[in-house]
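Structure first, commentary second.
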Amino acid sequence: MEAIHTVAWMKQVTRQARAEDRLLGFIPTMGALHEGHYSLVRQAQQQCSPVVVSIFLNPKQFAPTEDLKRYPRPFEADRAALEKLGVDYLFAPPVEEMYPKGFSTAVFVEGLSDRLEGRTRPGHFRGVTTVVLKLLEIVQPQKAYFGRKDAQQARVLRQMARDLRLDSEIITCPIVREADGLAMSSRNAYLSPAERRAATILFRTLDDARASIARGERDALRLTAAMRETLRTEPLAAPDYVELVDAETLEPVTRLRGACLALLAVKVGAVRLIDNMLIEENDSAVLTTL
Ligand code: AMP
């Protein structure tokens, strides 16, 4: 694996891959890699060669009050893990390389970015779309892989790619979970042992909703009310939002129809966690994917 730290060299490598007609796959990350990230790498490796992973802790997507300073940065361990996975290139630019002095451009997807995560974290998606567009421009991948763990992010990025007619296809991959259901996240490392146990409430809440849906419940208000009720059983958990939305528009629904997402953001102690479940209706069957 070759580690690349400058935009110029990364562009040189991707130009070469294009010239050789190779299918380039790309996974943007902020590091502190875990099995969730690795699953994106493996999917990319099945479909593309070469595979590029970026590690860039993007300051623009953190509000001043958020956890940028204490975000874990185990760069050497990440590098070794990617090497072991057989990744071809690691793109790890310093902040000044991505945002040189005087950088003043931003990209923003209206509407979809304002709801859910966007409401609690103003400016977050503006930071995400700005950095991802810049990364896609540098790496020029045919396919870029994102996790459904961040379902709204994936939806916002798909909109950006569509609106700007980007050449990169945005691919959304399944959520990887711990054995007890907790969605893997770099932020799980912040949890104390008691909070780690409490954090399973997100999965349990979604799983209860899945069971109600399997029993025939289709009413979104009743489902979200029951989900809030389940969350209340965990004293360490403070819900931010609990919503059932249309998977395309991210607007709240009153009844399950077509493709929907059940989305949760919950603070467990000081750690804000998110999770979601995909609910797809076809003909008479309803398929739930956690
Ligand atoms: P991050 O490093 O948190 O920016 O995440 C990089 C990519 O990995 C994003 O597309 C995330 O959605 C994805 N990701 C993070 N955690 C998981 C997970 N548990 N399962 C699947 N994808 C994930």
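We did not get these values from a lab; they are worked out from the coordinates using the rules stated. Please read these numbers as outputs of a predicted model, since none were measured by experiment. With ideal geometry, Cβ positions are generated from the backbone for all residues, glycine too; neighbour counts draw on all protein chains shown.
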Query raised in the report: In debye, nearest 20: dipole of the range 1-139 around its Cα centre with unit charges on the Cβ of K, R (+) and D, E (-)?
Result: 260 debye
Query raised in the report: How would you classify the range 132-290 from its alpha-carbon gyration tensor, with a ≥ b ≥ c the square roots of the eigenvalues: rounded for a/c under 1.5, else prolate if a/b is greater than b/c, otherwise oblate?
Result: oblate
**Report entry** the chain: relative contact order as a whole-number percent, Cα under 8 Å and 6+ apart
**Finding:** 16 percent
Report summary line: So the angle from the long Cα axis of helix 124-139 to the longest Cα principal axis of the chain, reported in degrees to the nearest 10, equals 40 degrees
**Report entry** Under the Karplus curve 6.51 cos²θ - 1.76 cosθ + 1.60, θ = phi - 60°, whole-Hz ³J(HN,Hα) for the range 171-183, x wherever Gly or Pro sits
**Finding:** 10, 9, 10, x, 7, 9, 10, 5, 4, 8, x, 4, 5
Query raised in the report: Projected area of the range 109-218, taken from the Cα convex hull and averaged over every viewing direction, in nm²?
Result: 9.0 nm²
Report task. Report, to two decimal places, the Cα Rg of the chain normalised by 2.2 N^0.38 Å (N = number of residues). Result -> 1.02
Report summary line: Of all trypsin sites (Lys or Arg not before Pro) in the range 144-176, the ones in DSSP coil with at most 13 other Cβ atoms within 10 Å are Arg165
Report task. Provide the per-residue ³J(HN,Hα) series for the range 84-97, in order, calculated from phi with Karplus coefficients 6.51, -1.76, 1.60 and θ = phi - 60°, each as a whole number of Hz, with x at glycine and proline positions. Result -> 5, 6, x, 5, 7, 9, 10, 9, 10, x, x, 4, 5, 6
**Report entry** Phe103, Phe108 arranged by Cβ crowding within 10 Å, fewest neighbours leading
**Finding:** Phe103, Phe108
Requested in this report: Per residue of the range 262-278, in order, report the coupling 6.51 cos²θ - 1.76 cosθ + 1.60 (Karplus, θ = phi - 60°) as ³J(HN,Hα) in whole Hz, putting x for Gly and Pro.
Outcome: 9, 10, 10, 10, 9, 8, 10, x, 9, 9, 8, 10, 10, 7, 7, 10, 8
**Report entry** Lysine pairs within the chain, Cα separation less than 21 Å, 8 or more sequence positions apart or different chains
**Finding:** 12
Query raised in the report: Quick one: Cα centre-to-centre distance for the range 148-176 and the range 31-59, in angstrom?
Result: 15 Å
Query - GluC sites (Glu not before Pro) restricted to the range 106-144 and DSSP loop, no more than 11 other C-beta within 10 Å - result: Glu110
Report summary line: Low-density loop trypsin sites (Lys or Arg not before Pro), the range 211-251, at most 14 other Cβ within 10 Å, DSSP non-H/G/I/E/B, are Arg215
**Report entry** Debye-sum result for the range 39-135 in log10 I(q)/I(0), which assumes one identical scatterer on each alpha carbon, at q = 0.13, 0.16, 0.24 Å⁻¹
**Finding:** -0.59, -0.86, -1.24
